[in-house]
Every structure is written in C-alpha cells, then in structure tokens.
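Structure, as structure tokens:
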Amino acid sequence: MELQMKVAQAVHVLNHDTESSNRVAANQWLVQFQQTEAAWEVATSILTSDHQPFPSDFEVEFFAAQILKRKIQNEGYYLQLGVKDALLNALLVAAKRLSSGPPQLLTQICLALSALILRSVEHGKPIEQLFYSLQNLRTQNDGIVAVLEMLTVLPEEIVDTQNTEISASHRNQYGQEQLLSHTPMVIEFLLQQSENKFQGGLQPNERNRKVLRCLLSWVRAGCFSETPEGSFPTHPLLNFVFNSLQVSSSFDLAIEVLVELVSRHEGLPQVLLCRVPFLKEMLLLPALTGGDVKVIAGLACLMSEIGQAAPSLIVEASAEALALTDALLRSSLASYILGPDVDGTNKKNVEGMFFSVFSALLDALLLRAQ
C-alpha cells in the first residue's frame, strides 16, 4: 500500500506540480521504480484492486498499464510460466474492470496483454489460450468492450514489423497459423456484435465503430486470405460495412475497411463496382451539393482503389464502369479543382488554369467515341 501511494503521489507531481525541480525528481524516482521487481506487483494491484489507498485516478492507472507493458516487452521472455499465467489473468481482470473508463487506458492494457502473448512461446499455442479466456470474458457484463479492444490490438501487434524484438519466423508462425485458425470465430463474433445494437453497455454508433476497427485490424493482418471469393457478394459483414458508409460516425472506418479489402481480394472490385451507382446517387451527389469534403474524399479514395485494383473492369466499358468513371471525375474535379468554397472570381481563375485538363479529357472521350 505504501508503494502504491508513493507511485500515485509521484505521478501526480510529475503531471501537475508547478515546480520543475519537483517534476524532475518525481520522474527520476518513477524511472528507477519501473526497474524494480516490486513494480510488477504494484502495477498489477493498481489495475486490478477495487480497494486502493487513493481515489481512482486515470493517470495512475495509465502509468501502471505502461509499466506492465514495458516490463513485459523487456523481461517477458524470462518470466516463469506460472507468473505469466497469473499476469495474463490479472490483465484480463484489469481489462474488464476498466473497460468503461477512458479508451486509452483499455488500449494500454490490451497492448500489455498482446506483448505477453507474443512472449509466451512455451505455451505452444498462447493465442488459443487467450481466445479461450476471451470466450469467458465475453459472457460477462461489460466484457464485450474489452474483448473488442483485445481483438483489435492483437493482430496489429503481431504484424507490427517495427517491433524488432520478435523474430520474423516467430511473427509469421503467429500470423499465419494461430491468427488464421481463429478467423471464423472472430467473424462470427463481429457479426453478432454488428447485429446486437444495445448489449454490452454500448450505443449503436459506438459499437459499430469498434466492430469496424476490429475488422480492419484482421483484414490488415491478412486473416481473410482463405475466405472464398464467391462468398463476398452476400457476406453479412460486407453488407454491414457497406451500410456503415451511410452513417456519418462510421463512414471513415468503413472506407478504410473497403479499401483494404479491395487491395487484397481480386473478386471484390467487381462486387463493389456493381454498387457504385448507388454510392453515386445516395452519397456522392448529395455530398457534392452540400460541400461535404469528408465524404467526397473518402469515396474518391475507394473508387480510385477499385479502378486501380481491376482496370480490366473499366476496359469492358460496362454501365457500372461508366458510373465509376463519372463519379471519380465528379469527386476529384468538381470538388477539388472547382471547390465548393471557392468564390466567383477565384473560381474563374481556377477554371482557366485547368482548362487544358478538361480539354484533354473531352478530346479523349470524343476520340474514343469515333
């Protein structure tokens, strides 16, 4: 208890004391404390105990989570198996306990969990052990938020090539074998969350963003590489992502997910090409009229990715390809060259500057039509 109080006081001084000498002294003490063996127990207790000698404090809890993450990254390989198991359980308790707090805190706890999993090779299948624990956590009240964050962070950490402490072969083993084997379960879980609108203490829009973030992490990790291409057109999660484009709060994440999917799966551009007319009428044209730069830029990015991923679809000159070309021209030229916020005088100057571009496009179209 005494050490916990000292940590809390030092963190408070570091962040709030007006005297620079006091802040320097507090920082030096905290740096030294992190290197001690006692830091394991103190940090764990701060995150898991409901009976603290000080009021609940985000800054102290965040510092404790950072301590555990750093110590696991530096010393995790050398911990005994029993210690790792106890630490895993403690971090899961902390994730559930603090899941309704500031998102940054939960993310730090999940980063510590991911670091521990990556350094638990003696388990043989540590990710499988984690998923078993997550299955239990998701059945508890308020456990869904923690599970979603853990499933979001884990793939990101495994594919983080800047982390040189983990060998490429070790990372490949986790990425290609263990993560891939759990993809069906994750897809099922995300689908359930996309349909359960008011469970787990989350509002629908907040839940949708968390589901999209998690899905994006798994797509980037390449965990949908074995999904049959023929299943994409009717896949419920693809429909969920597509529908999320029509909600302002989830539009940006939905665009990111679709761009990643298009770049990784050959059959998806054809599927999305068929939906371009809908995107144009329901999203792009209203955005151009209202000057919604966020929607215009997002759709331009997605449609450019579709065209780049499958140029043969454009060459076929189908009605959908024409709609894609028209939509891209509208979004790029009308929005960013003419600009909805440009005044009359400047608009004429811009039109004059880019007249040659429009002329070249028109010449190309006329030549093609002959």
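Each value in this text was obtained by applying a stated rule to the coordinates, not by laboratory testing. Given the structure is predicted, the values throughout are model-derived calculations rather than measurements. Backbone-built Cβ (ideal geometry, glycine too); neighbour counts: all protein chains shown.
With 32 Å as the limit, the listed pairs Lys6/Lys210; Lys71/Lys210; Lys96/Lys125; Lys71/Lys294; Lys69/Lys294; Lys96/Lys280 have Lys6/Lys210; Lys71/Lys294; Lys69/Lys294; Lys96/Lys280 beyond it between alpha carbons. Both radii were evaluated on the Cα set of region 1-217; the Rg over Rh quotient, with Rh as the Kirkwood radius, amounts to 0.99.
Quote the FRET efficiency, to the nearest 0.05, computed for Ser181 versus Gln80 with a Förster distance R0 of 30 Å and r equal to the Cβ-Cβ distance. Please report the intermediate quantities before stating the final value.
Details: r = 27 Å, r/R0 = 0.91.
Between Ser181 and Gln80 the formula returns 0.65.
Quick check: convex hull over the Cα atoms of region 187-279, volume per residue in Å³, rounded to an integer? Walk me through the numbers on the way to the answer.
Working: hull volume 8.4 nm³, N = 93.
Dividing the Cα hull volume of region 187-279 by its residues yields 90 Å³.
Counted by Cβ distance under 13 Å from His182, the other residues give a net charge of -3, where Lys and Arg count +1 and Asp and Glu count -1.
With the highest mean first, a sort of the peptides 318-325, 62-69, 78-85 on other beta-carbon atoms found within 10 angstrom per residue produces 62-69, 318-325, 78-85. Stretched out straight at 0.36 nm per residue, the stretch from Val24 to Gln246 would grow longer than its current Cα-Cα span by 74.9 nm. Using the Cβ-Cβ distance between Thr325 and Glu128 with R0 = 51 Å, the FRET efficiency computed as 1/(1 + (r/R0)^6) comes to roughly 0.60.
Computed from label points 7 Å out along Cα-Cβ, the spacing between Gln104 and Glu41 is 3.0 nm.
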